[in-house]
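Asker: Let me begin by handing over the structure; questions about it come next.
The values are calculated or read from the model by the stated rules, or taken from the named source; none is laboratory data. It should be emphasised that the depicted structure is a prediction, and the values quoted were computed from it without experimental measurement. Positions of Cβ are generated from backbone atoms using ideal geometry, with glycine treated the same way; all protein chains shown enter the neighbour counts. Heads up: the accessible areas ignore ligands, DNA and RNA and are worked out on the full protein's heavy atoms, side chains in. Shrake-Rupley method; radii C 1.70, N 1.55, O 1.52, S 1.80 Å.
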Amino acid sequence: MSQPKPRTTTRDIRQANRLQILHQLLLRKSSTRQELTRLTGLSTATVAHLVGAMLAEGLVVETGVEIPQIGRPTTILALNAAGGACVGVDVAETYIHYELYDLMLTNLARYDLALPSSKIEPEEVVQLIVTGFDTLLAQAAMAREKVVGIGISIPGPFEHATGVSVFAPTWGWANVPLKAMLEERLEIPLYLDNPLKFNAIAEAWFGGGRGIDTMAAVVLGTGVGAGLVIDGKLYHGSSNTAGEWGHTIIVAGGRTCRCGNQGCLEAYVGAPGILQTLLEIDRSSPLHFPGDQTRSIEAIATAAAQGDAMALEVVNRTAVYLSAGLGSLINFLNPEVVIIGSWVGALLVPIMWEKLLSLVERQSLERPYMAARIMVSDMARNSVSLGAATSVLEEYLAKEGRRSKRRLTEKGAER
Ligand SMILES: [Zn+2]
């Protein structure tokens, strides 16, 4: 039999209330006690007490006074942006993208590094993360001590319990203890996960998933997958591999996927799969640039937009495969919103939009289709790095809450 679940204590409730206030301050950039009371649904006394504690800790600052036409002036509150910094690193198959943010998630610096298309060893990736992090801090003249944590996205499944990168197919990695290797070098709190999860966090906080309870944030890039938000929370699954939607089999006995199975969605709508479709139509297509996925997909998008028949055929076939995957996803999850993101999605989905929607409608059940809003991501920033930095900030705010409660208890100030 399973262990009884731990009870929710008044401490947990206070912690959750505190995070609610911090979230609102982060999303709105500034607010007042009155507004926070309205937005969180907490009592005036609770908000006053919690804000008082956060002001004393330096986590929140007063930035001015609002003078209404009627009534008393109210103090404007904001997170103490300069109180620290957080970093998001997107380690992808062809590049590493580093971003530095303040505690209000305003971008302070970014840095890009291209990766060779050959296999890369875990030690090399660790070294690149460490040196890239130093370069990023130097760019913004940010002191290392101010960084409250680093969020790092790595391709493939990642196991939180062991800190192990389970499987990175492009590089042939299996069971790499990446977190321990990085901790040894960085000595800063680390938060690792894969791009599906971080992209979903960014969409849920800043993109089309704001305020949405059930969402699938689809990643359509070199790899394919989805980050799932269920009941307002990121869904991890029992071993953090929920959302491996790219390995849904859409063609029984079809193309070999890099996971080893046959007929996976990713083998048809990931960038290499789309290029395979192109080569199946014309083995010597001028739209294909061997060894350069990005340039080839861009060439298909440009040619299709100009009405090129071959490019349109590739886009149409891709729409057929993608709609099969989206139809299953909608039937299975019954989401309010499906957001299609990442670079292949941004380049090709707008071209196939009308056709894609009519195909999805035909290939999903009526009720879940009617309930789902399908959209292309409107996130201008690198959503994976932003999601990674957001996860760091969430961890930090939660931990600061626990730490400061101890401090307050020691002072006897906690109620
Ligand atoms: Zn697969």
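Asker: Find the helices (runs of 4 or more DSSP H) located wholly in region 328-414 whose residues include 1 or more that are over 22 Å from A81 (Cβ atoms) and modelled with pLDDT under 95, and list them.
Answerer: It comes to 343-363, 383-411.
Asker: Scan (1) more than 16 Å from the ligand (Cβ to nearest atom); (2) hydrophobic (A, V, I, L, M, F, W, C); (3) open to solvent by 10 Å² or more (accessible area, probe 1.4 Å); (4) out of contact with any Gly (no Cβ under 8 Å at 6 or more places or on another chain) for the single condition A324 breaks and write down its number.
Answerer: (1)
Asker: Output yes when any residue across region 48-64 is among the charged types (D, E, K, R) and in a loop (DSSP other than H, G, I, E, B), and no when none is.
Answerer: No, region 48-64 contains no residue that is among the charged types (D, E, K, R) and in a loop (DSSP other than H, G, I, E, B).
Asker: Just checking, which of I274, I250 is in contact with a strand residue (DSSP E or B) (Cβ under 8 Å, 6 or more places away or on another chain) and outside the structural domain of S165 (by TED's automatic domain parsing)?
Answerer: Checking each option against the conditions leaves just I250.
Asker: Check region 259-275 and report whether any residue there is buried (at least 18 other Cβ atoms within 10 Å of the Cβ) and over 19 Å from T170 (Cα atoms).
Answerer: No, region 259-275 contains no residue that is buried (at least 18 other Cβ atoms within 10 Å of the Cβ) and over 19 Å from T170 (Cα atoms).
Asker: Scan region 89-111 and report the pairs whose first residue is over 23 Å from G156 (Cα atoms) and free of Cβ contacts under 8 Å to residues at least 24 places away in the same chain and whose second residue is open to solvent by 10 Å² or more (accessible area, probe 1.4 Å) and not in a strand (DSSP E or B), with Cβ atoms within less than 6 Å and a gap of 6+ or a chain change.
Answerer: D102/A81
Asker: Right, here's the next one. Where in region 72-186 are there strands (runs of 3 or more DSSP E), lying wholly inside it, with at least 1 residues that are hydroxyl-bearing (S, T, Y) and within 21 Å of the chain's Cα centre (by Cα)?
Answerer: 95-102, 107-114, 147-153, 164-168
Asker: If you don't mind, there's one more thing I want to ask. For region 243-257, name all the residues that are closer than 17 Å to G345 by Cβ, small (G, A, S) and more than 10 Å from the ligand (Cβ to nearest atom).
Answerer: Scanning region 243-257 gives a single hit, G243.
Asker: Among the residues in region 99-119, are any under 23 Å from T241 (Cα atoms), modelled with pLDDT under 90 and not aromatic (F, W, Y)?
Answerer: Looking for residues that are under 23 Å from T241 (Cα atoms), modelled with pLDDT under 90 and not aromatic (F, W, Y), one finds none in region 99-119, hence no.
Asker: Being part of a helix (DSSP H, G or I) and of a type in the set (F, W, Y) is the filter here, so list the residues in region 268-322 that pass it.
Answerer: The answer is Y268, Y321.
Asker: Output yes when any residue across region 186-193 is without any contact (Cβ under 8 Å) to a residue 24 or more places away in the chain, open to solvent by 20 Å² or more (accessible area, probe 1.4 Å) and in the same structural domain as P272 (by TED's automatic domain parsing), and no when none is.
Answerer: For region 186-193, residues without any contact (Cβ under 8 Å) to a residue 24 or more places away in the chain, open to solvent by 20 Å² or more (accessible area, probe 1.4 Å) and in the same structural domain as P272 (by TED's automatic domain parsing): absent.
Asker: Follow-up. Restricting attention to region 30-43, does a residue exist that is among the hydroxyl-bearing types (S, T, Y), loosely packed, with under 12 Cβ neighbours inside 10 Å and over 20 Å from T390 (Cα atoms)?
Answerer: Yes, because at least one residue in region 30-43 is among the hydroxyl-bearing types (S, T, Y), loosely packed, with under 12 Cβ neighbours inside 10 Å and over 20 Å from T390 (Cα atoms).
Asker: OK, next. Which of (1) more than 30 Å from A161 (Cβ to Cβ); (2) within 16 Å of the ligand (Cβ to nearest atom) does G223 not meet, given it meets every other one?
Answerer: (1)
Asker: Residues of region 219-249 being surrounded by 21 or more Cβ atoms within 10 Å (Cβ to Cβ) and not in a strand (DSSP E or B), which ones?
Answerer: G221, T222, G223, G243, W245, G246, listed by residue number.
Asker: Got at least one residue in region 283-306 being under 18 Å from T94 (Cβ atoms), within 16 Å of the ligand (Cβ to nearest atom) and in contact with a helix residue (DSSP H, G or I) (Cβ under 7 Å, 6 or more places away or on another chain)?
Answerer: Within region 283-306 (the criterion being under 18 Å from T94 (Cβ atoms), within 16 Å of the ligand (Cβ to nearest atom) and in contact with a helix residue (DSSP H, G or I) (Cβ under 7 Å, 6 or more places away or on another chain)), the answer is no, since none of the residues qualifies.
Asker: Could you say which residue among T63, T75, T131 is polar (S, T, N, Q), open to solvent by 50 Å² or more (accessible area, probe 1.4 Å) and modelled with pLDDT under 95?
Answerer: After applying the criteria, what remains is T63.
Asker: Looking only at residues that are within 10 Å of the ligand (Cβ to nearest atom) and within 23 Å of A311 (Cα to Cα) in region 258-272, which one is farthest from the chain's Cα centre (by Cα)?
Answerer: Looking at the filtered set, the residue picked out is G263.
Asker: Same structure again: Suppose the filter is open to solvent by 60 Å² or more (accessible area, probe 1.4 Å) and of a type in the set (A, V, I, L, M, F, W, C); does I212 pass it? It would help to see each step written out before you state the result.
Answerer: Numbers: open to solvent by 60 Å² or more (accessible area, probe 1.4 Å): no; of a type in the set (A, V, I, L, M, F, W, C): yes.
Against the criterion (open to solvent by 60 Å² or more (accessible area, probe 1.4 Å) and of a type in the set (A, V, I, L, M, F, W, C)), I212 does not qualify.
Asker: Another question, if that's okay. Could you list, in sequence order, the residues of region 302-316 that are surrounded by fewer than 19 Cβ atoms within 10 Å (Cβ to Cβ) and not acidic (D, E)?
Answerer: T302, A305, Q306, G307, A309, M310, L312, N316
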